[in-house]
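The values are calculated or read from the model by the stated rules, or taken from the named source; none is laboratory data. Here the structure is a predicted model, which means the values were calculated and not measured. All Cβ positions, glycine included, derive from the backbone under ideal geometry; neighbour counts span all protein chains shown.
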Amino acid sequence: MSKINPPVAKCIEHTETTHGDVRQDPYFWLREKENEEVINYLKEENAYTESVMKHTEPLQQKIYEEFVSRIKETDLSVPVKRDNYYYYSRTEEGKNYSIYCRKEGSLDAAEEILLDGNKLAEGKKYFSLRSFKVNDNHQLLGYAVDFDGSEYYDIYIKDLSSGELKEQPIQKTGGGLVWANDNKTFFYTTLDDTHRPYRLHRHLLGTEASQDEIVFEEPDGAYFLGAYKTKSKAFLVIQLGSKVTNEAHFLDANNPTGKFSLFAKRQQNEEYSITHYGDHFYILTNDKALDFKLMKTPVGNTARSNWETYIAHEPNVMLTDVEAFKDHLVVHCRKNGLKNIQIINVNTQEKHDIEFPEKVYTYWEESNPDFNTNLLRFMYSSMISPRTVYNYNMDTKEFIKLKEYEVQGGYDKSEYAMEWLKAKAEDGTEVPISVVYKKGLERDGTNPCYLYGYGSYGYPMDPYFSSVRISLLDRGFVFAMGHIRGGSELGRQWYNDGKFLKKKNTFTDFIACGEHLISQGYTSKDKLCISGGSAGGLLVGASMNFRPDLFKAVIASVPFVDVINTMLDDTIPLTVVEYEEWGNPNDKVYYDYMKSYSPYDNVEAKDYPNLLITAGLNDPRVQYWEPAKWAAKLRATKTDRNTLLLKTNMGAGHGGASGRYEALKELAFEYSFILNCLNLR
């Protein structure tokens, strides 16, 4: 029993009126980050959490040691060949961050360390590396780092011959960096006051950053700006995107001082992206094609009137990406809830789909910088198969295994089973669930279950492997992942049916997943635990409000739960961008709908499950005060005596701890919370 009483956040009268609706928000003051009382309150909550969980510290340590015991701590990535160099990263036992290296000429050559994340992170509470980019003559490295989780990045340029930094860092950028072909000019992004990448700057080495020209600025607050170089190295591309609309501009990469040309003017609700191949651009677009189609147009004339269909739209087959090789086009897509790859021989126009070895699986695109190869590299995984890097011969259809990431401690995937289930939502829609458990498990309703979900922004949750889950599976857990509406697992309509005024489908789908697992004997109400982060925190928060009786314990990580207040405040980072996901609450129709599911606005005097809420003080995506306010309101309102904990990382942002060992400690804490709620060890 804790010797520290639960913190009590003071209530200060604060009234908001919107569309004639008067709302009281007594915890509005927790937004005052510079207020010492706010910081003290967060520290009190942390102290209370530590006190309540004190008796689980041996369990936390045990689980942490299990996690580490399965990792090959000293390991090596599969080298990627660029010209005459082999680039790779490696990890060393006891060190949190990767070491980035290369070898020249052959894999037997001497190793050259380009960057050691552990040295960069020395003395820092947080470290994040972004835009690790070596220029085309392999002499300079550009990289961006964030030391506090704020997602402001400083850009450094390192001379790989001398090992010295070329000039002073460019501070507080968006982290994006792309080299021009002259090997001395690069472009980078900066952020506006709402933390949106909105400007592209050109920098010439040896000149002052204060003199850098702004080559493009996007004034519309709904659009993010990014830049990249095509695989052909022929063009630099500016990609502008809101949640539902895109626009591209391009420039000859040999002429970095030139002016970017518009590819095709944006059309509201049309998304498009471009891939260069020879004399043509290929365009992936959803114009009059819900699940996208592939078009092509001559490089010299990109007007829509010149676009010709290359792959027609096929309902329920969502095209997601295109990659060009000398003799092949690789088309990434989704079919029947799973990722798929189609190979097209550009000389013969013959097509085939890659036949993966398991019925339920996923893969990730890997680096494929060599345009002239017939080998496609990707990372494969399933709920029971560890990450495996393959080269796939696009002519012979042969899989060439390059590396299976080792799970130490004697993991044998034949001891585990995975399934692809279908739950029926309240409107009759069938919702897929990926499930994994240890063989021999009885479906008698006595098994603990960990159900995870997200369901927003069209981001799919795919059935991947994670060695940390073994700590649950070996304790008799069923691990389940709900592929709910709001993601895009079953195509764009699956996403559309879980956003705007259909957002509640996401929550009812997730509840249906839980009910199905119970009805089929995988678990029971007193053994079902749920987890989600960010928009997934909204998911579990709303589901908990709608059906508090269904869950034993809930983990809400950096949860987006104060929907109304956040979406009404366009000074908060990223709010305006979010209108195309949730709707604009300045419109009463959307306001009323949001209010009907916003977890913070729907806290009631009733019993809730055990709850662990996490936050990051420097989080620019979900401000720390959302989980803090929610915890305070729940503590003051709920009628049960179940555990309620708020744990704020005072030195990190949205992603939590940055080091691999610290991240595992955080996860061991979360698993220990679940096990403690279930009286398991």
TODO: Report yes if S434 is buried (at least 20 other Cβ atoms within 10 Å of the Cβ), among the hydroxyl-bearing types (S, T, Y) and in the same structural domain as T508 (by TED's automatic domain parsing), otherwise no.
DONE: yes
Open item on the list: Here's a check for you: in the range 607-645, which residue that is hydrophobic (A, V, I, L, M, F, W, C) and under 18 Å from C529 (Cβ atoms) is nearest to the chain's Cα centre (by Cα)?
Closed with: I613
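Of everything in the range 604-648 that's assigned to a helix (DSSP H, G or I) and touching a Ser or Thr at 6+ places or on another chain (Cβ under 8 Å), which residue is farthest from E578 (Cα to Cα)?
So the first thing to find is which residues in the range 604-648 are assigned to a helix (DSSP H, G or I), and the list is 625-637.
Retained after the next criterion (residues that are touching a Ser or Thr at 6+ places or on another chain (Cβ under 8 Å)): 626-628.
Details: E626: 16, P627: 19, A628: 21 Å.
Looking at the filtered set, the residue picked out is A628.
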TODO: Looking at (1) within 27 Å of the chain's Cα centre (by Cα); (2) assigned to a loop (DSSP other than H, G, I, E, B); (3) modelled with pLDDT of 95 or more, find the lone condition where S106 falls short.
DONE: (1)
Task: Residue in the range 353-375 that is surrounded by 20 or more Cβ atoms within 10 Å (Cβ to Cβ) and touching a helix residue (DSSP H, G or I) at 6+ places or on another chain (Cβ under 9 Å) present - done: no
Task: Residues (over 16 Å from D154 (Cβ atoms) and in a helix (DSSP H, G or I)) located in the range 174-222 - done: Q211
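Which residue out of L120, L129, L205, L140 is in contact with a helix residue (DSSP H, G or I) (Cβ under 7 Å, 6 or more places away or on another chain) and of a type in the set (A, V, I, L, M, F, W, C)? Quick ask: steps written out before the conclusion?
Details: L120 fails: in contact with a helix residue (DSSP H, G or I) (Cβ under 7 Å, 6 or more places away or on another chain); L205 fails: in contact with a helix residue (DSSP H, G or I) (Cβ under 7 Å, 6 or more places away or on another chain); L140 fails: in contact with a helix residue (DSSP H, G or I) (Cβ under 7 Å, 6 or more places away or on another chain).
It is L129.
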- [ ] Kindly list the number of the only condition in (1) touching a residue at least 24 places away in the same chain (Cβ under 8 Å); (2) closer than 30 Å to D526 by Cβ; (3) assigned to a loop (DSSP other than H, G, I, E, B) that fails for F673.
- [x] (3)
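Considering only strands (runs of 3 or more DSSP E) fully contained in the range 383-473, which possess at least 3 residues that are under 27 Å from the mean Cα position of the chain (by Cα) and hydroxyl-bearing (S, T, Y)? Before you say what the answer is, go through the steps one by one.
Numbers: elements: 388-393, 399-404, 416-424, 430-438, 449-452.
It comes to 388-393.
Consider W420 carefully, then state whether it is assigned by TED's automatic domain parsing to the domain that holds Q493 and either modelled with pLDDT of 95 or more or among the polar types (S, T, N, Q) (or both). Can you show your working first?
Numbers: assigned by TED's automatic domain parsing to the domain that holds Q493: yes; either modelled with pLDDT of 95 or more or among the polar types (S, T, N, Q) (or both): yes.
Answer is yes for this residue.
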TODO: Among the residues of the range 474-494, count how many are crowded, with 24+ Cβ neighbours inside 10 Å and assigned to a helix (DSSP H, G or I).
DONE: 1
Task: Number of positions in the range 279-318 that are under 19 Å from E350 (Cβ atoms), in contact (Cβ under 8 Å) with a residue 40 or more places away in the chain and not β-branched (V, I, T) - done: 1
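Need a quick list: strands (runs of 3 or more DSSP E) entirely within the range 241-316 having at least 3 residues that are surrounded by 14 or more Cβ atoms within 10 Å (Cβ to Cβ). Walk me through it before giving the result.
Working: elements: 246-252, 261-264, 272-277, 280-285, 293-298, 308-311.
Because the criterion is at least 3 residues that are surrounded by 14 or more Cβ atoms within 10 Å (Cβ to Cβ), the strands (runs of 3 or more DSSP E) in the range 241-316 that meet it are 246-252, 272-277, 280-285, 293-298.
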Open item on the list: What's the number of the only condition in (1) surrounded by fewer than 20 Cβ atoms within 10 Å (Cβ to Cβ); (2) at pLDDT 95 or above that K124 fails to meet?
Closed with: (2)
Task: Identity of the residue in the range 164-211, of a type in the set (S, T, Y) and crowded, with 16+ Cβ neighbours inside 10 Å, that ends up nearest to L140 (Cα to Cα) - done: T185
Task: Among the candidates T309, T285, T320, T275, residue that is of a type outside the set (A, V, I, L, M) and in contact with a His (Cβ under 7 Å, 6 or more places away or on another chain) - done: T320
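Are any of the residues in the range 499-508 touching a Lys or Arg at 6+ places or on another chain (Cβ under 6 Å) and under 18 Å from V540 (Cα atoms)? So that I can check it myself, show each step before the final result.
From the range 499-508, those touching a Lys or Arg at 6+ places or on another chain (Cβ under 6 Å) are 505-506; that's our starting set.
Now narrow it down to the ones that are under 18 Å from V540 (Cα atoms): 505-506.
Yes.
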- [ ] Sort out which residues of the range 380-398 are over 15 Å from E366 (Cα atoms) and not aliphatic (A, V, I, L, M), and write them in order of number.
- [x] S382, S385, P386, D395, T396, K397, E398
Open item on the list: Tell me the residue from P298, P357 that is under 30 Å from R266 (Cα atoms) and of a type outside the set (K, R), please.
Closed with: P298
Task: Every residue from the range 633-653 that is over 18 Å from E50 (Cβ atoms), surrounded by 19 or more Cβ atoms within 10 Å (Cβ to Cβ) and in contact (Cβ under 8 Å) with a residue 40 or more places away in the chain - done: K633, G653
Task: Checklist (1) within 29 Å of I518 (Cβ to Cβ); (2) surrounded by 14 or more Cβ atoms within 10 Å (Cβ to Cβ) applied to Y390, failing item - done: (1)
Open item on the list: Please determine whether any residue of the range 318-335 is modelled with pLDDT of 95 or more, under 27 Å from E271 (Cβ atoms) and not in a strand (DSSP E or B).
Closed with: yes
Task: Residue among G532, G521 that is part of a loop (DSSP other than H, G, I, E, B) and not charged (D, E, K, R) - done: G521
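Hey, can you tell me all the residues within the range 375-395 that are farther than 19 Å from E323 by Cβ and without any contact (Cβ under 8 Å) to a residue 24 or more places away in the chain? It would help to see each step written out before you state the result.
We begin by selecting, within the range 375-395, every residue farther than 19 Å from E323 by Cβ; these are 381-388.
If the condition is that a residue be farther than 19 Å from E323 by Cβ and without any contact (Cβ under 8 Å) to a residue 24 or more places away in the chain, then T388 is the only one that fits.
In this structure, does P357 turn out to be under 22 Å from N374 (Cβ atoms), over 25 Å from the mean Cα position of the chain (by Cα) and free of Cβ contacts under 8 Å to residues at least 60 places away in the same chain? Reasoning before the result, please.
Details: under 22 Å from N374 (Cβ atoms): yes; over 25 Å from the mean Cα position of the chain (by Cα): yes; free of Cβ contacts under 8 Å to residues at least 60 places away in the same chain: yes.
Against the criterion (under 22 Å from N374 (Cβ atoms), over 25 Å from the mean Cα position of the chain (by Cα) and free of Cβ contacts under 8 Å to residues at least 60 places away in the same chain), P357 qualifies.
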- [ ] Could you list, in sequence order, all residues of the range 336-378 that are under 15 Å from P432 (Cβ atoms) and either among the β-branched types (V, I, T) or touching a Leu at 6+ places or on another chain (Cβ under 9 Å) (or both)?
- [x] N336, G337, K359, V360, Y361, T362
